[in-house]
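Accompanying notes for the structure given below.
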Amino acid sequence: MKKIFIVGSLLFVVFMISGCSSTDIANFSCGTNKDSTGMKQSDALKIAQASDCNKEGLTAEISCNENTRTWWIDLKTKKEGCSPACVIDVEKKTAEINWRCTGLKN
């Protein structure tokens, strides 16, 4: 009986995780509030592609920070001690590179 419960629980978790897909985020509007409809991923990508971020190489890793109302796209470029990302401001419709450097050196 206990094994059935564990297997059932695991199947439920897998089912819930599989419900999240790239299609969902493509239609998601980041930064929505009472004054704004936010910005879709496709619009954020267009802004990033027209900015200096594109020179550093955009990856497919994209996420939304609802608190700051920004889209974040990881960049391909390498810089020691850094993990660069392109940050797209939903309200201003601008993009800039955030190097996210730790300051630690080997």
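FYI, it's all coordinate maths here, none of it is from the lab. This is a predicted model, so every value here is computed, not measured. With ideal geometry, Cβ positions are generated from the backbone for all residues, glycine too; neighbour counts draw on all protein chains shown.
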Hey, among LYS40, LYS34, which residue is of a type outside the set (Asp, Glu) and without any contact (Cβ under 8 Å) to a residue 12 or more places away in the chain?
LYS34
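Residue-by-condition table, conditions (1) out of contact with any helix residue (DSSP H, G or I) (no Cβ under 9 Å at 6 or more places or on another chain); (2) in a strand (DSSP E or B); (3) in contact (Cβ under 8 Å) with a residue 40 or more places away in the chain:
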{"position": "ASN54", "(1), (2), (3)": "no, no, no"}
{"position": "CYS64", "(1), (2), (3)": "no, yes, no"}
{"position": "THR68", "(1), (2), (3)": "yes, no, no"}
{"position": "THR77", "(1), (2), (3)": "no, no, no"}
{"position": "VAL87", "(1), (2), (3)": "no, yes, no"}
Top-ranked residue in the stretch 60-93 [being under 12 Å from the mean Cα position of the chain (by Cα) and exposed (fewer than 12 other Cβ atoms within 10 Å of the Cβ); ranked as farthest from CYS30 (Cα to Cα)]
ALA60
